[in-house]
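Asker: My structure is below; once you've seen it, I'll send some questions.
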Amino acid sequence: MRKTKIFFLLLSVFLVLSVLSACGGGGNSDGGDSKSSSSGAPASNAASQPSGKGTKLRVAYWGADFATAQKVEAVHKQIFADYKAKTGTDVEFVFVPDSNYRTWMVTQQAANSMPEVVLTRMAWVWEDFAKNQVYDLTPYLEKESPYNPGKPWKDTFIPSFYKDSINPANGIVNSAPSFTAMIRILYNKDLFAKAGISEPPKTWPEFIEACKKLKAAGITPMAMSGQSNDHISWFLTSIFGQLDEQLRKKMDTDGDNMVVKNELARATDQGLIDFTKYPFKDGMELFKDFSQYWNSDFNGIDVKTAQQLWLTGQAGMLIFNSANLSMVDDMEGRNFEYGGFPIPYITKAQFPEAMEKSVMLGGAANESWAISTSAKDAQLAAAVDFIQYMTSPEIEGKLGDALGYLPTITNANLPDKLKGFVMQNEDIRRANYTGPATIKEFSDFIVKSMQLYLGGSVDSNKLGTEWNAEWYKGMDQAKKTNDWSEANNYGMKK
């Protein structure tokens, strides 16, 4: 139970890890004699060998839609050209569509033709290490990076991101965190100034006051889509997570301050989760009060329409994933500066049990750099050097400016527009009530039922009763699927 929960703590909300096979080392993938140490890293100190002219690396990367992919490719090719000018190492960009990337990786590995450096994900790289497809980077991370000197390379990363990178099965680090994303409220600086708001709000009362000022100035404060699971659940997740600390203490069985799915099942059977009571009912009512500051047609528009309201200057704020910031920067006709801030924190003056921190949405070290075991000798040294370059203050700053990528290191040269996107007065989500990873059907039901609630067709008591019925139905199914019961302690160790 402890390992399982630590895993969920490290990966936060986004990753679903398949059961890992036995731990492996990063040796030769062709089955020949390995020159690896027992840790999986090459016995020779290849990282100390300088890369130089004539060395060539292939770097595998993926992209989403066509327009974004074009920009990602262009930005990286320029960075790679600058790197070649500095080091003499020639870098070939191998770009693969997002939907096919993992399948492509596995196929390349099977053919022993995987590029030397790969952009990957934590769950993937741990599987690949077990198959001897990637190296253990721990020995290199213990040394200085020439592009961010003064401390070991591992200590240049934001601590939580580095911890995310540690394989919970064996304690090995197989990849270096490359970039992350945060959910933030974007705000139009010009409209804020017009309404007399000098800085983004930090507390929920300040947030509502800002909404009042925007509305008084004839500005729609918030662009929202009542049809969007993201728009609804992002706010609810933060609100519930800010208010549920005392409830979590009752549900947490081993004191690690995390409540995972089987603990939620146990808590449900004990009657601890009741959406007609605090913190859920109070959180719903807080959210509904906030809805008076949205566009009046929020229940009738989709998320793209809500985004257009903000992008065209018709609304002061929009909740948004920082991974898509390039869409904002590239929009033709946008004539205002913007910034970002976390969902404001609820104060103890509002609710005595509030923890007075926002709940961080996103922020997991998802994408990361790994080195394939196809890299040997000078190529291996060049691969380490290349990843150190890509995780330097200069390059992480460039990626932030050009693509909206948020840094995984502590001292990136961030542009002003991204300074509100770094971690602030925030805590991670410690119990997942609204996400599809807990109960997908319940997550889907939330959006439909909230449309009725926010539209005034049902009150918070009726909404909570309906949520209870749907939640209990979903938890009953989860218990059957996983064979959880009080008799076997819901699959947890006693």
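The values are calculated or read from the model by the stated rules, or taken from the named source; none is laboratory data. Source: prediction; values computed, not measured. FYI the Cβ positions are ideal-geometry reconstructions off the backbone, even for glycines, and counts take in every protein chain you see.
Asker: Considering only region 433-442, I want to know if a residue exists there that is closer than 30 Å to residue 142 by Cα and either at pLDDT 90 or above or not in a loop (DSSP other than H, G, I, E, B) (or both).
Answerer: Narrowing region 433-442 to residues closer than 30 Å to residue 142 by Cα: none.
Looking for residues that are closer than 30 Å to residue 142 by Cα and either at pLDDT 90 or above or not in a loop (DSSP other than H, G, I, E, B) (or both), one finds none in region 433-442, hence no.
Asker: Can you name the residue in region 210-230 that is modelled with pLDDT under 95 and not in a loop (DSSP other than H, G, I, E, B) and is also surrounded by the fewest Cβ atoms within 10 Å (Cβ to Cβ) among such residues?
Answerer: It comes out as 230.
Asker: What are the residues in region 344-388 that are more than 30 Å from residue 277 (Cα to Cα), hydrophobic (A, V, I, L, M, F, W, C) and part of a loop (DSSP other than H, G, I, E, B), if any?
Answerer: Across region 344-388, the qualifying residues are 364, 365, 375.
Asker: Here is a further query. Taking residue 396 as the residue in question, decide whether it is part of a helix (DSSP H, G or I) and farther than 30 Å from residue 331 by Cβ. Spell out the reasoning first.
Answerer: Working: part of a helix (DSSP H, G or I): yes; farther than 30 Å from residue 331 by Cβ: no.
In short, no.
Asker: Would you check which residues across region 397-410 are closer than 11 Å to residue 157 by Cβ and surrounded by fewer than 24 Cβ atoms within 10 Å (Cβ to Cβ) and list them? Quick ask: steps written out before the conclusion?
Answerer: Going through region 397-410, the residues closer than 11 Å to residue 157 by Cβ turn out to be 407-410.
Within region 397-410, 409, 410 meet the criteria.
Asker: Let me ask another. Taking region 98-142, which residues are among the acidic types (Asp, Glu) and either buried (at least 18 other Cβ atoms within 10 Å of the Cβ) or not in a helix (DSSP H, G or I) (or both)?
Answerer: Selection gives 116, 127, 128, 136, 142.
Asker: One residue is enough: does region 443-464 have a residue meeting the conditions free of Cβ contacts under 8 Å to residues at least 12 places away in the same chain, closer than 22 Å to residue 282 by Cβ and of a type in the set (A, V, I, L, M)?
Answerer: Yes, because at least one residue in region 443-464 is free of Cβ contacts under 8 Å to residues at least 12 places away in the same chain, closer than 22 Å to residue 282 by Cβ and of a type in the set (A, V, I, L, M).
Asker: From 416, 401, grab the single residue that is more than 22 Å from residue 266 (Cα to Cα) and in contact with a Pro (Cβ under 9 Å, 6 or more places away or on another chain). Full working, then the answer.
Answerer: On the way: 416 fails: in contact with a Pro (Cβ under 9 Å, 6 or more places away or on another chain).
So the residue among 416, 401 that is more than 22 Å from residue 266 (Cα to Cα) and in contact with a Pro (Cβ under 9 Å, 6 or more places away or on another chain) is 401.
Asker: Scan region 147-194 residue by residue and report those that are modelled with pLDDT of 95 or more and part of a helix (DSSP H, G or I).
Answerer: 153, 154, 155, 156, 189, 190, 191, 192, 193, 194
Asker: Being surrounded by fewer than 19 Cβ atoms within 10 Å (Cβ to Cβ) and either modelled with pLDDT of 95 or more or within 30 Å of residue 112 (Cα to Cα) (or both) narrows it down to one of 378, 382, so name that one.
Answerer: 378
Asker: For region 411-441, give me the residue count where each residue is farther than 29 Å from residue 203 by Cβ, surrounded by fewer than 20 Cβ atoms within 10 Å (Cβ to Cβ) and in the same structural domain as residue 469 (by TED's automatic domain parsing).
Answerer: 4
Asker: Also: Quick check on residue 160: is it within 24 Å of residue 416 (Cα to Cα) and either within 23 Å of the chain's Cα centre (by Cα) or crowded, with 22+ Cβ neighbours inside 10 Å (or both)?
Answerer: Yes: the conditions hold for residue 160.
Asker: While we're looking at this one, here's another question. So if I check each of 247, 264, which one is part of a helix (DSSP H, G or I), in contact with a Pro (Cβ under 8 Å, 6 or more places away or on another chain) and under 28 Å from residue 493 (Cβ atoms)?
Answerer: Working: 264 fails: in contact with a Pro (Cβ under 8 Å, 6 or more places away or on another chain).
One residue alone meets the criteria, 247.
Asker: Could you tell me whether region 365-373 includes any residue that is hydroxyl-bearing (Ser, Thr, Tyr), touching a strand residue (DSSP E or B) at 6+ places or on another chain (Cβ under 9 Å), at pLDDT 85 or above and over 26 Å from residue 158 (Cα atoms)?
Answerer: Narrowing region 365-373 to residues hydroxyl-bearing (Ser, Thr, Tyr): 368, 372-373.
Now restrict to residues that are touching a strand residue (DSSP E or B) at 6+ places or on another chain (Cβ under 9 Å): 368, 372-373.
Still in the running and at pLDDT 85 or above: 368, 372-373.
Then keep just the ones that are over 26 Å from residue 158 (Cα atoms); that gives 373.
Yes, the conditions are met somewhere in region 365-373.
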